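The values are calculated or read from the model by the stated rules, or taken from the named source; none is laboratory data. Note that the structure is predicted; figures quoted are calculated from it, not measured. Virtual Cβ from ideal backbone geometry, glycine too; neighbours counted across all protein chains shown. In case anyone asks, the SASA skips ligands and DNA or RNA and just uses the protein heavy atoms, side chains included. Shrake-Rupley method; radii C 1.70, N 1.55, O 1.52, S 1.80 Å.
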Amino acid sequence: RLRVIDYKTAAAAEDPRKAHRVSGAWIDLQLPLYRYLAEQRGWGERIEVGYVCLPKALADTGWKPAVWPGSRDKVSHEALHAEALDKAREVARAMRRGVFWPPGGLPRYADGFELLGGDAWSRREEWAAEAGAAP
């Protein structure tokens, strides 16, 4: 068995099922893609993906497996994994058609990492315009 771990630091521990699917729709494909890549490399027959959460509350630290289905899903874990890969292929086809270009407005995040993400750069809009992004 192989376990692919995505470490998460946040105020509270995250549930990978809630982070990846909302109301039955895939909103994040990161963990299913990690599993797919590990499978393609032949790294094991039983590949688990999930989070190791490192929240403020030490008691909430630990392994959170991404095991689908959630409480509302009526299909199997494997069927939902296949659905995630289909969604990833759909996104890739859309990108090749240019559906996501040009990008929308520049997001701003007040998360303490404004300098790393460029949110606080004085020439941010100018540099984005040069790169073809909308202000």
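Angle between the Cα long axis of helix 30-40 and the longest principal axis of the chain, 0 to 90 degrees, nearest 10? Computed tilt is about 60 degrees. What the Cβ-Cβ distance of Met95 and Gln40 gives, at R0 = 22 Å and to the nearest 0.05, is a FRET efficiency of 0.65. Starting from one equal scatterer on each C-alpha and no solvent at all, send me the Debye-based log10 I(q)/I(0) for the chain at q = 0.14 Å⁻¹, two decimals. Evaluating at q = 0.14 Å⁻¹ gives log10 I(q)/I(0) of -0.87.
Which of the aspartates and glutamates could a cross-linker bridge to Lys8, judged by Cα under 14 Å and excluding same-chain residues fewer than eight apart? Filter leaves Asp60.
On the protein heavy atoms, probe 1.4 angstrom, tell me the percent of accessible surface of the chain carried by carbon and sulfur. Reported share for carbon and sulfur atoms: 56 percent.
Treating the angle as unsigned and between 0 and 90°, give the value, to the nearest 10°, between the Cα long axis of helix 77-96 and the longest Cα principal axis of the chain. On a 0 to 90 degree scale, this one is about 20. Extension gain for Arg1 to Leu33 (0.36 nm times residue separation, less C-alpha to C-alpha distance): 9.8 nm.
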